[in-house]
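> First, the structure itself, so that you have it in front of you.
The values are calculated or read from the model by the stated rules, or taken from the named source; none is laboratory data. In this text the structure is predicted, and so the values were computed from the model without any measurement. No Cβ is skipped: glycine too gets one built from the backbone with ideal geometry, and neighbour counts run over all protein chains shown.
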Amino acid sequence: MEFQFSEEQLMIQKAARDFAINECLPGVIERDEKQKFPREQITKLAELGFMGMMVDQQYGGAGMDTVSYVLALEEINKIDASVGVCMSVNNSLVCWGLQAFGSEAQKIKYLTPLAQGKKNGELYIGAFLLSEPEAGSDATSQKTTAIDKGDHYLLNGVKNWITNGNSASVYLVMAQTDVSKGSHGINTFIVEKNWEGVTVGAKENKLGIRGSDTHSILFSDVKIPKENQIGANGFGFTFAMRTLAGGRIGIASQALGIASGSYELSIKYAKERKAFGKEIAQHQIIQFKLADMATRIEAARLLCLRAAWEKDNNLDYSLSSSMAKVFASETAMWAATEAVQIHGGYGYVKEYHVERFMRDAKITQIYEGTSEVQRIVNSRSILK
């Protein structure tokens, strides 16, 4: 087993770290307060090749491995998880799904500009539309329908909690085409935001990751060309589950970044803040908190990297990605809360960042599979 990163991987990690400090940190508090989408930061990430990191170069991607992706995501999310989740969704859920299961025509038309993050000089990113008002953890209960009309499908329904909902140009939409077949009657379609009948709902006023735009998307008699169906009839649910397995590596890496950012700020503050005549880092109770943070974060990092390594080596990574997601997300929530405690009263103040980390961390336990659902997935896997 090799624990040393390659020179290229270390260069990618450094590039992501420099970008996060120089481009994401300025204005991050204001973007959070005003719920401002980080368009400038996402545009620059695309220029670095970070919006299509794992996409083959022939389709405009950077052709990097998943380990590099984990390293980059951790660095970005140490500073701004709103930027991080936009990057994760476009890479893990949209680009990967299209590259793995899309037709050649779909890859040329949609994957190439998505991997580059731009089209005709404008920002061009995607969104993944699975969740519905009555279909969150139970993704089989899809109410959105796509009725076969011969030369096209007619799409109707509502999707909610959609990251990049308003900023995306392309949606990957799961819809029921044959209700009698249950989950085997679900298909996946490529839908363009500017098509007639597509409506973007109001932006959600969220606890955390407030810079990312989360919306409901409504479809009313949207005509979908037959060539925009991904895979064969009934493949939609399998597409969603296989894509989400990789997506969990992205969210686990996001959680890892939030935890790491909380830890690094806690180390810095503990060496500066004095109480009872010495730096609080010299008090054993604070030392123990920092030691526990370091241990759990390293464990989360290794779980993320193992899942990434398995994916890069074409192994079954569904269990490892689920384990990484549940452990890293719970580590993020715990580490961010400890960071606020270490900072004391200052931890409750926005300018010290850790209160934002605590708010951002919570969603990593919920989206792309709640911690409860991950435990179901994991227990089924280990009891086979």
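> Limited to region 223-276, what total is found for residues that are under 20 Å from Tyr110 (Cβ atoms), in a strand (DSSP E or B) and not polar (S, T, N, Q)?
Number of matching residues: 4.
> Kindly indicate which of Glu8, Glu30, Glu23, Glu40 is in a helix (DSSP H, G or I), touching a helix residue (DSSP H, G or I) at 6+ places or on another chain (Cβ under 7 Å) and over 17 Å from Leu93 (Cα atoms).
Numbers: Glu8 fails: touching a helix residue (DSSP H, G or I) at 6+ places or on another chain (Cβ under 7 Å); Glu30 fails: touching a helix residue (DSSP H, G or I) at 6+ places or on another chain (Cβ under 7 Å); Glu40 fails: touching a helix residue (DSSP H, G or I) at 6+ places or on another chain (Cβ under 7 Å).
The unique qualifying residue is Glu23.
> In addition: Does Phe288 qualify as being closer than 30 Å to Asp213 by Cα and not small (Gly, Ala, Ser)?
Working: closer than 30 Å to Asp213 by Cα: no; not small (Gly, Ala, Ser): yes.
No, not satisfied.
> Any residue at all in region 50-58 that's assigned to a helix (DSSP H, G or I) and either closer than 20 Å to Glu368 by Cβ or not assigned by TED's automatic domain parsing to the domain that holds Arg210 (or both)? Give the steps one after another, and end with the answer.
Initially, region 50-58 is screened for residues assigned to a helix (DSSP H, G or I), giving 57-58.
Add one more test, that the residue is either closer than 20 Å to Glu368 by Cβ or not assigned by TED's automatic domain parsing to the domain that holds Arg210 (or both), and what stays is 57-58.
Yes, because at least one residue in region 50-58 is assigned to a helix (DSSP H, G or I) and either closer than 20 Å to Glu368 by Cβ or not assigned by TED's automatic domain parsing to the domain that holds Arg210 (or both).
Okay, residues lined up against (1) closer than 29 Å to Ala72 by Cβ; (2) at pLDDT below 95; (3) buried (at least 23 other Cβ atoms within 10 Å of the Cβ):
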{"position": "Leu207", "(1), (2), (3)": "yes, no, no"}
{"position": "Arg242", "(1), (2), (3)": "yes, no, no"}
{"position": "Ala252", "(1), (2), (3)": "yes, no, yes"}
{"position": "Lys274", "(1), (2), (3)": "no, no, no"}
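> So which residues in region 29-45 are surrounded by fewer than 21 Cβ atoms within 10 Å (Cβ to Cβ), within 18 Å of Asp360 (Cβ to Cβ) and among the β-branched types (Val, Ile, Thr), if there are any at all?
Residue satisfying the conditions is Ile29 alone.
> Here's a check for you: in region 180-205, which residue that is over 23 Å from Lys119 (Cα atoms) and of a type in the set (A, V, I, L, M, F, W, C) is surrounded by the fewest Cβ atoms within 10 Å (Cβ to Cβ)?
Ala202
> Yes or no: region 69-87 includes at least one residue that is farther than 17 Å from Arg17 by Cβ, at pLDDT 95 or above and part of a loop (DSSP other than H, G, I, E, B).
No, region 69-87 has no match at all.
> Within the bounds of region 133-141, is there any residue that is assigned to a strand (DSSP E or B) and of a type outside the set (Lys, Arg)? Give the derivation first.
So in region 133-141, the residues assigned to a strand (DSSP E or B) come out as 135.
Narrowing further to those that are of a type outside the set (Lys, Arg): 135.
Within region 133-141, one or more residues are assigned to a strand (DSSP E or B) and of a type outside the set (Lys, Arg).
> Here's a follow-up. With the requirement that a residue be free of Cβ contacts under 8 Å to residues at least 40 places away in the same chain and of a type in the set (Phe, Trp, Tyr), what does region 246-293 give you?
Across region 246-293, the qualifying residues are Phe276, Phe288.
> Still on this structure: From the list Leu93, Leu114, Leu130, Leu73, exactly one residue is aliphatic (A, V, I, L, M) and assigned by TED's automatic domain parsing to the domain that holds Lys226. Which is it? Step through it out loud before you land on a result.
Values: Leu93 fails: assigned by TED's automatic domain parsing to the domain that holds Lys226; Leu114 fails: assigned by TED's automatic domain parsing to the domain that holds Lys226; Leu73 fails: assigned by TED's automatic domain parsing to the domain that holds Lys226.
After applying the criteria, what remains is Leu130.
> Surrounded by 20 or more Cβ atoms within 10 Å (Cβ to Cβ) and of a type outside the set (Lys, Arg): does that describe Ser329?
Values: surrounded by 20 or more Cβ atoms within 10 Å (Cβ to Cβ): yes; of a type outside the set (Lys, Arg): yes.
In short, yes.
> Something else: Given Ser216, Ser220, which one is in a strand (DSSP E or B), more than 30 Å from Glu30 (Cβ to Cβ) and modelled with pLDDT of 95 or more?
Details: Ser216 fails: more than 30 Å from Glu30 (Cβ to Cβ).
None of the other options fit; the residue is Ser220.
> Only one of Ala100, Ala105 is within 23 Å of Asp312 (Cβ to Cβ) and surrounded by fewer than 21 Cβ atoms within 10 Å (Cβ to Cβ). Can you tell me which? If you could, list the steps in order and put the result at the bottom.
Numbers: Ala105 fails: within 23 Å of Asp312 (Cβ to Cβ).
Just one listed residue meets the conditions, Ala100.
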